[in-house]
Amino acid sequence: MDPFAVVPQRLADFLRPHLDEITKEIEHEVQLQVPEYARPADDAYVRTIRAGVRRALTLFVDRIADVDQDQERVARTYQEIGRGEAGEGRGLEVLQAALRLGGRAAWRRLAKAADELGLDSGEVAALAEAAFTHMHEIMQAATEGHGEARLHSTGELQRRRKRLMDLLFADPPASAEAVEELARTARWAMPRRVAVMAVDGIEQEDDELLLPAGVLADMSARPARLVIPDPDRPGVPRRHALAPVLRGRPTAVGPTVPLSQIVDSLRCAARALSLMRRGILPGDGVLRCADHLSTLVLYADEPLIRALSSRALAPLAGIPAPQRDRLAETLLAWLQSESSVGVTAVRLHVHPQTVRYRMRQLEKVFGEALRDAEARFELEMALRANVAFGPPRERDRPGPDREHSRPAPEYVRPPASPLRSTGT
């Protein structure tokens, strides 16, 4: 049986003149117990709380007076209240705590009224069941309204942030005013500097939900991109906070740039990620472009560097591959060692005599280019690119000193030459 049908209608007549008084008691109880509602100086806020409590009491009394009352009215009213609370930014647990406290305070007044009217035990039991039913319906409706509003708010916020990402990377660039306006509506504090992360292997938009505050994301882009505000600011452990999103995926962090140059950071990160896929840059975990700028510069225009390599290394073209690889490796180490035979030998784990022998061979094919500063610069670039484009095969090495695990043959002891004056 409907408990509202058992509660005497005279209780409704008794309670109606006291609704304002009961409302104030409940309002006081909620403000006293729930800090988020303790804002007595805010008249508009107090009026909102009072209106919500008064509606709950009025609906309850109306249901006692008229059992056929439209129960959907309760649901609509408290769905609206739930949406309003979500709009104010209060969490569901705060709303539910306020409703529970309000229900407890209301029941104390209902029990007192039942005693004053002399209701019998059956009527009191029906009153309790009616009160708890009403409270449950209110709680359920408010929760539904709050949840719907949060979903709508979250979805709308994500849409605005997605539009903001599109605007940040627009070509031609959007105006600063347009970016600022959209950032404001997307609740994104405009940073002074940013870095863009390019992430490989992200397939699900749900990963966006794991992002720390302030980080923008476009998971649908290929590669996925994250915008990190002020990444160099001390005390911001964003790498750790992003771990649930990255999950060990190959990731390149572009240079930190002013917000107006965000496209440059993305371009650099995307290029680094491409080189990571090809094995040219380390392919695991998070790579910082700032640590690999020379390689990134070298690969900024691959056809151009290939043309340079082809021209600069043309003298090696007629030498058989294994020997060519050894000579190229030696020449690069020699250039990087400032022409020191001794340092070159240490770099290559070979005997200095082997370096001298190879350098004599290189002098025959390159001639004066080995003494010309501009030619040496081009040679080093070409050799670096040559190593990156096609790393020399790992040759059989019987030991750390691969060509001198046994005594050097007589042919590696050439007579003196100008190259020997470069160091030992």
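Here are some notes:
- Loop-located trypsin sites (Lys or Arg not before Pro) in region 249-280, at most 13 other Cβ atoms within 10 Å (DSSP): Arg278
- Student exercise, region 226-338 dipole from Lys, Arg, Asp, Glu Cβ charges, in Debye to nearest 20: 380
- Accessible area of region 110-157 belonging to carbon and sulfur atoms, whole % at 1.4 Å probe: 57
- Virtual spin-label span in nm between Met190 and Ala243, 7 Å along Cα→Cβ: 3.5
- Apportionment of accessible area to carbon and sulfur, region 322-390, percent (1.4 Å): 50
- Estimated FRET transfer efficiency when R0 is 45 angstrom, pair Val286-Leu32 (beta carbons, to 0.05): 0.35
- Environment charge of Leu266, counting only residues whose C-beta is closer than 13 Å and scoring Lys/Arg +1, Asp/Glu -1: 0
- Among 242-249, 378-385, the peptide with the highest mean count of other Cβ atoms within 10 Å heads the list, and the full ranking is 378-385, 242-249.
- Calculated FRET efficiency for the pair Met1/Glu144, C-beta based, R₀ 22 Å, to 0.05: 0.25
- For region 77-161, applying the loop criterion from DSSP together with a ceiling of 10 other beta carbons within 10 Å to the chymotrypsin sites (Phe, Trp or Tyr not before Pro) yields no site.
The values are calculated or read from the model by the stated rules, or taken from the named source; none is laboratory data. Note that the structure is predicted; figures quoted are calculated from it, not measured. Heads up, the Cβs are rebuilt from the backbone with ideal geometry, glycines too, and the neighbour counts pull from every protein chain shown. Side chains included, ligands, DNA and RNA excluded: accessible areas come from the protein's heavy atoms. Shrake-Rupley method; radii C 1.70, N 1.55, O 1.52, S 1.80 Å.
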